[in-house]
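Beneath this line is the structure, given in structure tokens, with notes to follow.
The values are calculated or read from the model by the stated rules, or taken from the named source; none is laboratory data. Given the structure is predicted, the values throughout are model-derived calculations rather than measurements. Because the Cβ atoms are built from the backbone with ideal geometry, glycine has one as well, and the counts that use them run over all protein chains shown.
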Amino acid sequence: MAEDELRIGVFVCKCGTNIAGFLDTAEVAEYARGLPGVVLVQENLFTCSEAGVAEIRRGIQEHDLNRVVVAACTPRTHEPIFRAACQDAGLNKFLFEFVNIREHCSWVHKSEPEPATGKAKDLVRMGVARAAFLEPKDEIVVGVEPRALVIGGGIAGMTVAYHLAELGCEVYLVEREEELGGLLRHIHSIYPADLPASEILMEAANAVREHPRVNVLVGSEVAGVAGYIGKYDVQVRQRGGEITPIRVGVIVVATGADELVPEGIMGYDGERVVTQLEFERVLAAGGPDAVEVVMILCAGSRMPDRVYCSRICCAAALKNAVLLRRRNPNTRVWVLYRDLMTIGVRYEQLLQEAKEVGVRFVNYAPDAPPAVEDGRVVVWGPVLARTLELTPDIVVLSSPLVAPEGAQEMSRMLKVALDEHHFFLEAHLKLRPLDFATDGIFVCGTARWPASIEESISQARGVAARAAVPLMRGSVCVEPLISILADEELCRGCGLCRDLCPYGAIEIVETPRGPKAKMHEAACKGCGVCGASCYRRAIRMSHFTDEQFVAQIRAAFQQ
């Protein structure tokens, strides 16, 4: 585009003191006025506010802008806001460029205001240079199969399946075990309703089994997944090894978690030293017939091998301790803890109730955990300033939830991420807590992170609402920020791009000109791996072209 055709608007955000407190935004704005093609520069207090967004819309309309550059904070959270403002004002939203002067300038150069200001000028200059080569684009519309696959038949998976079916979607619910229920099958009672877990399980299981739009496949597992949002081809291995192909539009991961079996920890033997889940079975059978019970929290968690807190172990211990004391007030119940994690008012009330019914609490230091040996529990109580020696009939260890076997294989199959503890990793903790980075795949329950039954149900309902949108619309719009085969003549069909693509968005197909790469637009995330690896330069990255980056690089070295 010729320089005289450009009408670029630059909006510099103060972000309160987040940016303006560490660099001179007025100086940056004044500098932007002299850049080629810039016809409007505004400095805003909060560009992402309604007033700031209105200024962008007004600037586009009143100054006939054909490019917009915003210098503000992270595009990860705010770019959709500014793109929408451009679109509302009649400008193609892909003619927008974001310059991050908060994370890249003010936050990393807090003690250097002058260099930070200079760097912000450089970044704005580079952003304006790239904006000159931006091109309008249209979103890609992809059809969606009106069916969903839910992997995992615990309370989260059953809840998702039922609510999706109620919204009119056909659902396949795949459970590896022969029965539905997951961990809920091993729990005795539910707090705070004090209901038998079996009642909740039976109600949920019957709801999905009897629903005409839910296909329940127990004793089955997912053996293979290919495709992308709207068209996932799934292979389900059923009893006897039979493979059933299913095509679905979206996938929900609700594979749950397992309780850690604390082998080699605090004398665990599965008989006199048991886990909370094993103790639930004892309670369900009417026991234990015990005079003294000791519960030890953080058994196997918050240690070098497993540094995280499992969040729900404390609540489970408190619930069972209260139940035990109410069932038999003569039973002495001790809870030995590092810290007590009682999230929310209800669990604080449970802690208070435990104290009222006579549960005894002893705080222990991380470097002096309880010793369990020869039927005795020895612990130093720093508050009591003495050593306690207890002789319980049974010791109950609160061990954490851990990712189940097969999580890594599932991660590779679906091309979704795991965290360092092998729980499934959401796209964004705050903005997209139930989505994966891969479109069309969702996560809920303890597959994502240790969660209570109440939290798992809440997340499952949220996932049902999220997943139902593309299923009920019948199509999805995919951003065109993808790789394209720019020159088919140059492509030799070597398959290197296909093998390196982390999203399975490329296949090699036979054409009259020989084997060529074919891009699946809906699956591509625009990461650029294929473009960088193509030694023939046949692949081009849409919206991230060589011309745009060369312009930025040249601008970086200008003064």
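The table that follows gives values for the structure above.
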{"read-out": "Of all residues making up region 486-502, the number that are closer than 23 Å to Gly440 by Cβ, surrounded by 18 or more Cβ atoms within 10 Å (Cβ to Cβ) and touching a residue at least 40 places away in the same chain (Cβ under 8 Å)", "value": "1"}
{"read-out": "Qualifying positions in region 507-559 - touching a residue at least 24 places away in the same chain (Cβ under 8 Å) and of a type in the set (S, T, N, Q)", "value": "Ser533, Ser542, Thr545, Gln548, Gln552, Gln558"}
{"read-out": "Output for region 153-198, where each listed residue is aliphatic (A, V, I, L, M), at pLDDT 95 or above and part of a strand (DSSP E or B)", "value": "Val171, Leu173, Val174"}
{"read-out": "Residue list for region 283-299, filter: closer than 30 Å to His421 by Cβ and modelled with pLDDT under 95", "value": "Leu283, Ala284"}
{"read-out": "Residue that is among the aliphatic types (A, V, I, L, M) and surrounded by fewer than 21 Cβ atoms within 10 Å (Cβ to Cβ), where the choices are Leu180, Leu173, Leu167", "value": "Leu167"}
{"read-out": "Failed criterion for Lys93 (all others in (1) surrounded by 15 or more Cβ atoms within 10 Å (Cβ to Cβ); (2) over 18 Å from Arg58 (Cα atoms) hold)", "value": "(2)"}
{"read-out": "Helices (runs of 4 or more DSSP H) contained in region 3-88 and holding at least 3 residues charged (D, E, K, R) and in the same structural domain as Lys119 (by TED's automatic domain parsing)", "value": "50-63, 75-88"}
{"read-out": "Failed item, numbered, when Ile482 is tested on (1) at pLDDT 95 or above; (2) crowded, with 20+ Cβ neighbours inside 10 Å", "value": "(1)"}
{"read-out": "Listing of helices (runs of 4 or more DSSP H) fully contained in region 421-540 that carry 1 or more residues being within 23 Å of Leu401 (Cβ to Cβ) and in contact with a Leu (Cβ under 8 Å, 6 or more places away or on another chain)", "value": "453-473"}
{"read-out": "Residue in region 13-21 that is under 25 Å from Phe133 (Cα atoms) and either free of Cβ contacts under 8 Å to residues at least 12 places away in the same chain or of a type outside the set (A, V, I, L, M, F, W, C) (or both) present", "value": "no"}
{"read-out": "Which numbered condition Asp499 misses (of (1) in contact with a Lys or Arg (Cβ under 7 Å, 6 or more places away or on another chain); (2) outside the structural domain of Cys169 (by TED's automatic domain parsing))", "value": "(1)"}
{"read-out": "Filter result for Glu203 (closer than 30 Å to Thr391 by Cα and either crowded, with 21+ Cβ neighbours inside 10 Å or of a type in the set (D, E, K, R) (or both))", "value": "no"}
{"read-out": "Set Thr275, Thr331, Thr244, Thr342: member being hydroxyl-bearing (Ser, Thr, Tyr) and within 30 Å of Gly168 (Cβ to Cβ)", "value": "Thr244"}
{"read-out": "Residue in region 124-135 that is in contact (Cβ under 8 Å) with a residue 12 or more places away in the chain, more than 20 Å from Gly16 (Cβ to Cβ), assigned to a helix (DSSP H, G or I) and among the basic types (Lys, Arg) present", "value": "yes"}
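Yes or no, residue by residue, for (1) over 14 Å from the mean Cα position of the chain (by Cα); (2) closer than 25 Å to Ile312 by Cβ:
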position	(1), (2)
Arg412	yes, no
Asp435	no, yes
Asp439	no, no
Val443	no, yes
Ala447	no, yes
Gln459	no, yes
Gly462	no, yes
Val476	yes, no
